[in-house]
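Chemist: The structure under discussion is supplied below as structure tokens; questions concerning it will follow.
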Amino acid sequence: MLIALLTAVGVGAATVIGALLGFTFKNITHKFSDISLAFAAGVMLAASVLGLILPSVEYGMQYGTAISLLITVAGVFCGAVCLNLIDKLTPHLHKLVGPESEAHPGGADLNKVLLFVAAIAIHNLPEGIAAGVGFGSDNTAEALLIAGGIALQNIPEGMVIIAPMLAAGVSPKKTFVCALATGLIEVIGTLLGYLAVNIAAAVLPFALAFAGGTMLYVISDEMIPETHAHGSQRGATYALLVGFCIMLVSDILLG
């Protein structure tokens, strides 16, 4: 529990660290942010497959191969559909970074600060849950890899959201508080995921797959389109591959 708690704080703090870097380097180029975000996407892609989805199949083998695969596939799709529904039902900025943000219907009457916080919170909560579920599997090394991948993604995300918020008229103090709040949400998500699978260990295979599905949805729906939107798609693609391979090697060496 202590390791999970410390990791939860670390994952949440990564967003704040990124935000502080964003204040320091306000004029971050699209190319830099795209490549950084793509690298993080590769790390998260490997973490979701190696640390969540494949372990889901392994833990479900106690029910037989066919049932195990069915549980995992169902969990992946349920995670993706759940995040998709949240996206549709909640005022949300589809593009989390960059000046060209697309607001869903229903968000026009909300304060700009709350809209930004809502967008980032939707993005961060399932990631936190994924990290917590990883610890519920009792494979600490695997769980730390998942959490590390999410933390790496949080740093560039924290960096690139600062400039748009300041440009929207949000004061530096409120901007930092918003970044702090989004980090706290990820801490809460991590603890929720950890407690959920420990209370009901029988749901661990499904929970792992569900968490993997949410991460795959975030990577495909948010991160990859963002990294390919500003002409840096070639560099972003290679950065994703580098991030994926680093996590793959780390998983083999630490596994």
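Chemist: If we keep just the residues of the stretch 173-221 that are of a type outside the set (A, V, I, L, M, F, W, C) and surrounded by fewer than 23 Cβ atoms within 10 Å (Cβ to Cβ), which is nearest to Leu52 (Cα to Cα)? Steps first, please.
Modeler: Just the residues of the stretch 173-221 that are of a type outside the set (A, V, I, L, M, F, W, C), to begin with: 173-175, 182-183, 186, 189-190, 193-194, 198, 205, 212-214, 217, 220-221.
Cutting the leftovers down to surrounded by fewer than 23 Cβ atoms within 10 Å (Cβ to Cβ) gives us 173-175, 198, 217, 220-221.
Working: Lys173: 37, Lys174: 35, Thr175: 33, Asn198: 16, Tyr217: 14, Ser220: 17, Asp221: 19 Å.
The residue in question is Tyr217.
Chemist: Same structure again: Would you check if Ala80 is modelled with pLDDT of 85 or more, closer than 20 Å to Gly134 by Cα and under 16 Å from the mean Cα position of the chain (by Cα)? Break it down into steps so the answer makes sense when it comes.
Modeler: On the way: modelled with pLDDT of 85 or more: yes; closer than 20 Å to Gly134 by Cα: yes; under 16 Å from the mean Cα position of the chain (by Cα): yes.
Answer is yes for this residue.
Chemist: While we're on this one: Just give me the residues in the stretch 222-251 being touching a Leu at 6+ places or on another chain (Cβ under 9 Å), open to solvent by 50 Å² or more (accessible area, probe 1.4 Å) and over 13 Å from Ala47 (Cβ atoms), in sequence order.
Modeler: Quick first cut of the stretch 222-251, residues touching a Leu at 6+ places or on another chain (Cβ under 9 Å) only: 222-224, 226-227, 236, 239-240, 243-244, 247-248, 250-251.
From what's left, open to solvent by 50 Å² or more (accessible area, probe 1.4 Å): 224, 244, 248.
Ile224 - this is the single residue of the stretch 222-251 that is touching a Leu at 6+ places or on another chain (Cβ under 9 Å), open to solvent by 50 Å² or more (accessible area, probe 1.4 Å) and over 13 Å from Ala47 (Cβ atoms).
Chemist: If you don't mind, another one. Being open to solvent by 30 Å² or more (accessible area, probe 1.4 Å) and either out of contact with any Gly (no Cβ under 7 Å at 6 or more places or on another chain) or assigned to a helix (DSSP H, G or I) (or both) is the requirement here; does Leu37 meet it? Quick ask: steps written out before the conclusion?
Modeler: Values: open to solvent by 30 Å² or more (accessible area, probe 1.4 Å): no; either out of contact with any Gly (no Cβ under 7 Å at 6 or more places or on another chain) or assigned to a helix (DSSP H, G or I) (or both): yes.
So Leu37 fails the test.
The values are calculated or read from the model by the stated rules, or taken from the named source; none is laboratory data. Because the structure is a prediction, the values reported are computed rather than measured. Reconstructed Cβ throughout: ideal geometry from the backbone, glycine too, with neighbour counts over all protein chains shown. With ligands, DNA and RNA removed, areas are computed over all heavy atoms of the protein, side chains included. Shrake-Rupley method; radii C 1.70, N 1.55, O 1.52, S 1.80 Å.
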